[in-house]
Amino acid sequence: MNLQENHSSRPLTVCVYCGSRPGHDPAHAALAREVGHWIGAHGAQLVYGGGHHGLMGAVADAALAAGARVIGVIPEALVEMEAAHRGCTELHVVANMHQRKQMMAEHADVFLALPGGIGTFEELFEVWTWRQLGYHDKPIGLLNAGGYYDSLLTFLDSSVQAGFMGQWQMELLRVSDSASELLPALLKAARPDAPDRLEQI
Ligand code: AMP
């Protein structure tokens, strides 16, 4: 099954936010490769920050190896620092971080955050706040494999309890510890006519 051929002139695009570092646990890179492979194996397309380091490089390499189109978007100032990935199908070198985030968001059908650091947090929170304000209606997923985000989720729940967030805002974020469960759920939410077989491949 190929989502591009069956459902649109353009493949469904997964925007992945993740660490520019690999983290200490090799399971994080394995997860990034699983996500990249899933995207390619389902005929979807990846848009990401265009770097070749850490989990960012792992997800892009795996997506390319699985046949996906990969769109990297990197600010000029980070081309050296984050080792711009020259193997991307499209590599956009943009003037600044705002342009990067805007271009990534425009390409995306869904957003998915993997483990990462402050850059990942900022990107996730930005698309989440945009969603709750109605600037877009694209599904947002948080891949909490290995419990990496457990303490953040606990804190967010405490914010709901304290009256600074509504439960409905929490529900805008789909959280799962499984890439193979979360990715089809996000893509189904983005494009309800996607085939049921999506889950099975
Ligand atoms: P990190 O999770 O900190 O390893 O960063 C992941 C990615 O987020 C990297 O490509 C960073 O360049 C990017 N990043 C860092 N700061 C920001 C920011 N303020 N807005 C958007 N992306 C950022």
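The values are calculated or read from the model by the stated rules, or taken from the named source; none is laboratory data. Note that this is a predicted model, so its numbers are computed, not measured. Cβ coordinates were reconstructed from backbone atoms using ideal geometry, including for glycine residues, and neighbour counts include every protein chain displayed. Side chains are part of the model used for accessible areas, which takes the heavy atoms of the whole protein and leaves out ligands, DNA and RNA. Shrake-Rupley method; radii C 1.70, N 1.55, O 1.52, S 1.80 Å.
Return the inverse of the average 1/r over all pairs of distinct C-alpha atoms in the chain, which is the Kirkwood hydrodynamic radius, in Å to one decimal.
16.8 Å is the Kirkwood radius here.
Kindly provide the helix-only [θ] at 222 nm of the chain, computed as the sum of -39,500 (n - 2.57) over DSSP H runs of four or more divided by all residues, to the nearest 500 deg cm²/dmol?
Using -39500 (n - 2.57) per qualifying helix, the result is -13500 deg cm²/dmol.
Placing unit charges on C-beta atoms (Lys and Arg positive, Asp and Glu negative, everything else neutral), compute the dipole magnitude of the chain about its Cα centre in debye, rounded to 20.
With Lys and Arg at +1 and Asp and Glu at -1, about 300 debye.
Calculate the dipole size of region 21-113 relative to its Cα centre from +1 charges on Lys and Arg beta carbons and -1 charges on Asp and Glu beta carbons; express the result in debye to the nearest 20.
20
Find the relative contact order for the chain and round it to a whole percent, using C-alpha pairs within less than 8 Å whose residues are 6+ positions apart.
Reported as a whole number, the value is 20 percent.
Determine the share of the chain's accessible area contributed by carbon and sulfur atoms, expressed in whole percent, with a 1.4 angstrom probe.
52
How big is region 15-106 along each principal axis, measuring the range of its Cα positions in Å and listing the largest first?
Ordered largest first, region 15-106 gives principal extents of 32, 31, 20 Å.
What trypsin sites (Lys or Arg not before Pro) in region 69-177 are in a loop by DSSP, with at most 10 other Cβ atoms within 10 Å of the Cβ?
Here the trypsin sites (Lys or Arg not before Pro) that fit, given the DSSP loop and packing criteria, are R86.
What full-extension length gain, to one decimal in nm, is calculated for M97 and Q167 as 0.36 nm per residue of separation minus the Cα-Cα distance?
22.1 nm
Going by accessible area, probe 1.4 Å, with all protein chains left in place, what is the ranking of E80, E34, largest first?
Descending order: E80, E34.
Listed highest first by mean packing, meaning other Cβ atoms within 10 Å per residue, what order do 157-166, 103-112 come in?
In descending order of packing, they fall as 103-112, 157-166.
Between E106 and E76, what's the calculated FRET efficiency when r is the beta-carbon distance and R0 is 22 Å? Round to 0.05.
0.70
Along the charge dipole of region 1-145, Cβ charges K/R +1 and D/E -1, which of G43, H136, V16 sits furthest on the positive end?
The residue sitting most towards the positive pole is G43.
List the residues, sorted by chain then number, that are 5 or more residues from V94 or on another chain and whose placed amide H is less than 5 Å from its amide H.
The answer is I74, E76.
Using the heavy atoms of the protein chains alone and a 1.4 angstrom probe, what is the accessible area of region 36-183 per residue in square angstrom?
Heavy-atom SASA per residue in region 36-183 reads 45 Å².
At a 10 angstrom cut-off on C-beta neighbours, averaged per residue, how do the peptides 14-26, 53-65 rank from highest to lowest?
Result, highest mean Cβ count within 10 Å first: 53-65, 14-26.
List the pair-distance distribution P(r) of region 92-134, using every Cα-Cα distance, as the percent of pairs falling in each 10 Å bin from 0 up to the bin containing the longest distance, rounded to whole percents.
Pair shares across the bins are 23, 59, 18.
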